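Take a look at the structure below.
The values are calculated or read from the model by the stated rules, or taken from the named source; none is laboratory data. Because the structure is predicted, anything quoted here is derived from the model rather than measured. Because the Cβ atoms are built from the backbone with ideal geometry, glycine has one as well, and the counts that use them run over all protein chains shown.
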Amino acid sequence: MDKKQWYKDMVFYQIWPRSFKDGNGDGMGDLLGVYEKLDYIKSLGCDGIWFSPLYPSPGVDCGYDISDYMDIAEEFGGMEAFKKVLDGAHERNMKVIMDLVVNHTSTEHEWFKKSRERIEPYTDYYIWRPAKPNGKLPNNWDSLFEGKAWAWDEVRQEYYMHLFAVQQADLNMDNPLVREEVKKILRYWLDMGVDGFREDVVTFISKPEGLPDDRIMPASKGINMYNHGPHLHEYLEEFNNDVFSKYDCMTLAEAPMVSPKVALKYIDETNNPVLDMMIQFSTQEADCFFSDFRHMPFSLRKYKKALSKWQNGLEGKGWNMLYIENHDHPRIVSRYGSEKFRVESAKMLAVAYLFLKGTPFVYQGQEIGMTNWYPSDPSLYEDVQTRWQYENVATNKPPQKRLERLWYGSRDSARTPVQWDDSNNAGFTTGTPWFFVNDNYKEINVASQQNDDNSVLNFYRKAIKLRKELSCVRNGNYVEYNKNSSKLYIYSREYKNQKVLVVCSFSGKNEHWKVPNGFDLNNSELILGNYSNSELNVLKPYETRVYLWK
Ligand code: GLC
Ligand code: CA
């Protein structure tokens, strides 16, 4: 099938279902709630939804531990509710993509239960290894969430590999039967009308033969052994040839530690791509090292370097996926922006990425400038990774420091319920919310921003509308100016006779700036900005401007 590239004109909205909107009052976000909000999502200018996992799951990793790939969890409303949402989205010309989590399954999955009993054909569905005579683990790899990457199974009397939580057992993708299962899952959802997949840590699915010890990387042992493993391209090609190529769908692969050069092995449109886009992590690492828990002061230079590397690195060959937030990172205003200048910086951060080349994703709550959650007690955290970090890392630090590590590093910082209005529980639920609502909901919520022209929400609407109207944002080249500035990010996009200049200040003070050579603002129009009283040569705190020539 000739692949259409509809995703290139779109903006996606990411729903993390537990915290989006509760429709039945049981305290848990669900598809009834999503259905109520489809028009809201559409009103942002978003034309697609990426759902974080909706499948039945014990919930150890909030749905990323799947126990049945062919169903929708009861707590989210079951299959009937999903079909209603899918139809409702399609009626509104919106696409729907699902999360495909096949590096691992829940240990509650039927396959795992049978595999541990050595019931055929499931015996080799997972990565099992016997105990070593010297009592050592099968290899020295770490889990990314908790401890070592191996857990002992009493039933089978062997170790199984888990790169994430203990209850997330890694599948043995080298087994052709497992790959057939994956294809079955893909066809099932595509045949139902789903428009594509976001593929969870899919670059981890091919482990090197013999599972050798990692002797290089101390930060998280193993990742450079199994990331982009030996058969990754082959397996992705198989999924593409046997399934994706037969449907009008898109694929987006989550890819930690990837460079544009490596990404192009998979997404180069000029050379048999096996995927459409990749989720890189480098733009999330401007205030941390490898993991959000290794927090550092924000460096604009680092951020700009990452953005430009991807804009330039894929130019003419591959398509960027653009994002500033998702369910795995704390809120961007609290990281790269400023809570003091919350409204200004939320708008500026939106402009900084929405005018780049690629397909933008907006994570629930980002569009109203939601901030991090700062609980006073570490026991309130829910996330499996956060809990392990608290118990096991930096344990010699004073209690306040340990708590702050979680504030700035935990994924829970961005997983509090969406703040819909200023009523009880921020209008998220009429019941008792499954998780804590951020205390600032009376000040920050959708209802109060709906009819305010100057709100973050309406700014997102304007910015998304503009990016869709301007062919230079879709197609133009990218040039960065003032590269060495640690305060300003300035770039232009140009296509045919149309050109925009995007100016973003990441500073909490007034900053002088000079219009780059070759731009004459006299002939331009200021089409977007976050101050009404701006002065030409001075940028106010977190000011942003977009100038247009046509
Ligand atoms: C991905 C998901 C994350 C999940 C992990 C394990 O990184 O985005 O939320 O915990 O994979 O599935
Ligand atoms: Ca519910």
Scanning segment 2-35 residue by residue, those over 30 Å from Lys317 (Cβ atoms) and either part of a helix (DSSP H, G or I) or of a type in the set (Lys, Arg) (or both) turn out to be Pro17, Arg18, Ser19, Lys21, Leu31, Leu32, Gly33, Val34, Tyr35
Out of (1) more than 21 Å from Ser507 (Cα to Cα); (2) modelled with pLDDT of 95 or more, the one Lys304 does not meet is (1)
Within segment 251-291, residues part of a loop (DSSP other than H, G, I, E, B), under 16 Å from Asp200 (Cβ atoms) and either without any contact (Cβ under 8 Å) to a residue 24 or more places away in the chain or of a type outside the set (D, E, K, R) (or both) come out as Ala255, Pro256, Met257, Val258, Leu275, Gln280, Phe281
Checking Ile41, Ile72 in turn, the sole residue that is more than 16 Å from ligand 1 (Cβ to nearest atom), closer than 27 Å to Gln449 by Cβ and either touching a residue at least 60 places away in the same chain (Cβ under 8 Å) or crowded, with 19+ Cβ neighbours inside 10 Å (or both) turns out to be Ile41
Over segment 364-378, the set of residues buried (at least 22 other Cβ atoms within 10 Å of the Cβ), of a type outside the set (D, E, K, R) and in contact with a Phe, Trp or Tyr (Cβ under 7 Å, 6 or more places away or on another chain) is Gln364, Trp373
Scanning segment 496-507 for residues that are of a type outside the set (Val, Ile, Thr) and surrounded by 16 or more Cβ atoms within 10 Å (Cβ to Cβ), the one farthest from the chain's Cα centre (by Cα) turns out to be Gln498
Note on segment 55-70: residues away from ligand 2 (no atom under 15 Å from the Cβ), closer than 20 Å to Ser19 by Cα and touching a helix residue (DSSP H, G or I) at 6+ places or on another chain (Cβ under 7 Å) are Val60, Asp61
